[in-house]
Amino acid sequence: MGSNYSKMTSRQYYRSASFDYEVRGLLNYSLSCCVNAVLQSFSATTELLDILNKWHSSDGTDERNVPWQLRNALEFMRDKSHPAPHEDFLKCLYHQAIRPFTQHDADEIFHLILNLSQEQMSDAAVAQEIRSLYEIKVETQVVCSKCKFIHRAPSSLFSLPLAICEGENTLEGCINSFFQLQKLRDSEKFNCERCDEKQPSTNEVKLVSLPPILCVHLKRFRNNGFTRKLFNKVTFPETFSNDIFAAGQSENADGLKADECYSLYAVVVHIGPAMFGHYTAFIRPNQDRWYYADDSCVQPSTWAKVQGTYGGAYRDTAYLLLYRKKSLNSSGTVGNTAALNEHDMN
């Protein structure tokens, strides 16, 4: 996943048309395309930098501190005069977490950065804000078929891991499959504490709450002795309402509001086969027009080109989808969505 895979010869930065925001390209250091693409999604998540800026780090902060270097990288990415906005951040990761010149998985890097940012954050309140920005709360419910007792196990996720089926898929269909009830029989019987023995049971995951930033992980890689990539088509909308989660909602859920929806603003893309791929990103900062970032090269883009990452016949496939929670206005649209879509078509 090196810079030789890059197909673009465009600029190293673009100024967003409607906002004072620099969309910066990032040089590929030691096969860093995976980290580069994830950093582009973090840069488009303006809420993350706002939270990090609440942290008053001491003068003696270790240069290997991930949240400190992440904040610096995001700040430097907004300043075209800075020659290498993420170089120190990469060195920080290389010192303690990942290897250079190694292929990495974008979902794993996404989780790694968020986890280390919390663990190494000296301000507990800020660490919790970072967690709350992305945290999806779920509850696993196992129901004993004999005594009907419900065993509940709460947990949380930073990304929603959705399996892909052979053939064509939709985001809604993948979400429904994630929350689908499963029967546990024969060797999969559940050890019921009330019955004090293994019993046939049902197992399902229920949604408790959704975060302001929802990351969806399309699980395109399978390992059955060797890793292969699923190029199957997965269509996803630019905006969807909370109704898409209605079937999976727990009775203990924080109410999903009917006047809220999620709007897509970043897509981390995987190009090529499983073992020799390359990562790029589409981002839409501040709900402005779309941009495409391929390491150091950045160019304006469109929603139509984002749709080209659905998969199927395409080798460029969406891998991580970043959605931002929005409020619907009285007409049922998201803010000035109509104006933004018109801008994207220009």
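The values are calculated or read from the model by the stated rules, or taken from the named source; none is laboratory data. As the structure is a prediction and not an experimental result, all values here were calculated from the model. Cβ placement follows ideal geometry from the backbone for every residue including glycine, while neighbour counts extend to all protein chains displayed. Ligands, DNA and RNA are excluded from the accessible area calculation, which covers all protein heavy atoms including side chains. Shrake-Rupley method; radii C 1.70, N 1.55, O 1.52, S 1.80 Å.
Let a ≥ b ≥ c be the square roots of the eigenvalues of the Cα gyration tensor of region 51-96; is it rounded (a/c under 1.5), or, if not, prolate (a/b larger than b/c) or oblate? Oblate.
Label-to-label distance, Asp259 versus Ser156, with points set 7 angstrom from Cα along the beta-carbon direction: 2.7 nm.
Just in region 141-199: which trypsin sites (Lys or Arg not before Pro) are loop by DSSP and have at most 13 other Cβ atoms within 10 Å? Answer in residue order: Lys146, Lys148, Arg185, Arg194.
Under a model in which nothing but the beta-carbon of Lys, Arg (+1) and Asp, Glu (-1) is charged, the chain shows a dipole of about 840 debye around its Cα centre.
Each stretch of four or more DSSP H residues adds -39500 (n - 2.57); spread over every residue of the chain, this sum gives -7500 deg cm²/dmol at 222 nm. Placing unit charges on each Cβ (+1 for Lys and Arg, -1 for Asp and Glu) gives the chain a dipole about its Cα centre, and among Cys215, Phe236, Leu157 the Cα reaching farthest toward its positive end belongs to Phe236. Our summary gives the chain a relative contact order of 21 percent, counting only alpha carbon pairs under 8 angstrom and 6 or more residues apart.
If only the Cβ of Lys and Arg carry +1 and only the Cβ of Asp and Glu carry -1, the dipole of region 143-271 around its Cα centre is close to 580 debye. Here the accessible area of region 101-161 is 55 percent carbon and sulfur, with a 1.4 angstrom probe and all protein chains present. In a DSSP loop and with at most 12 other Cβ atoms within 10 Å, the chymotrypsin sites (Phe, Trp or Tyr not before Pro) in region 156-249 are Phe226. The mean of 1/r over all distinct Cα pairs in region 79-212, once inverted, gives the Kirkwood hydrodynamic radius of 18.6 Å. Springs between alpha-carbon atoms under 10 Å, Gaussian network over the chain: tell me which of Leu184, Leu49, Leu26 tops the mean-square fluctuations. Looking only at Leu184, Leu49, Leu26, the largest GNM fluctuation is found for Leu184.
Placing unit charges on the Cβ atoms only, positive for Lys and Arg and negative for Asp and Glu, gives region 24-76 a dipole magnitude near 140 debye about its Cα centre.
Note on volume of the Cα convex hull per residue in Å³: of the candidates (1) 177; (2) 163; (3) 207, the value calculated from this structure sits at (2). Counting only DSSP beta bridges with both residues in the chain, the antiparallel share comes to about 90 percent.
In Å², what does the accessible area per residue of the chain work out to with a 1.4 Å probe?
Spelled out: the 1.4 Å probe surface of the chain, per residue, equals 46 Å².
Between Ala304 and Met275, the contour length at 0.36 nm per residue exceeds the Cα-Cα span by 7.7 nm.
Springs between Cα atoms under 10 Å define the GNM used for the chain, and in it the highest mean-square fluctuation of Gln128, Gln199, Gln287 occurs at Gln199. Report the one residue of Phe245, Pro285, His56 whose Cα lies farthest in the direction of the positive end of the charge dipole of the chain (charges on C-beta: Lys and Arg +1, Asp and Glu -1; origin at the Cα centre). About the Cα centre, the residue reaching furthest to the positive side is Phe245.
A full extension of the chain between His56 and His82 corresponds to an added length of 7.1 nm, given 0.36 nm per residue minus the alpha carbon distance.
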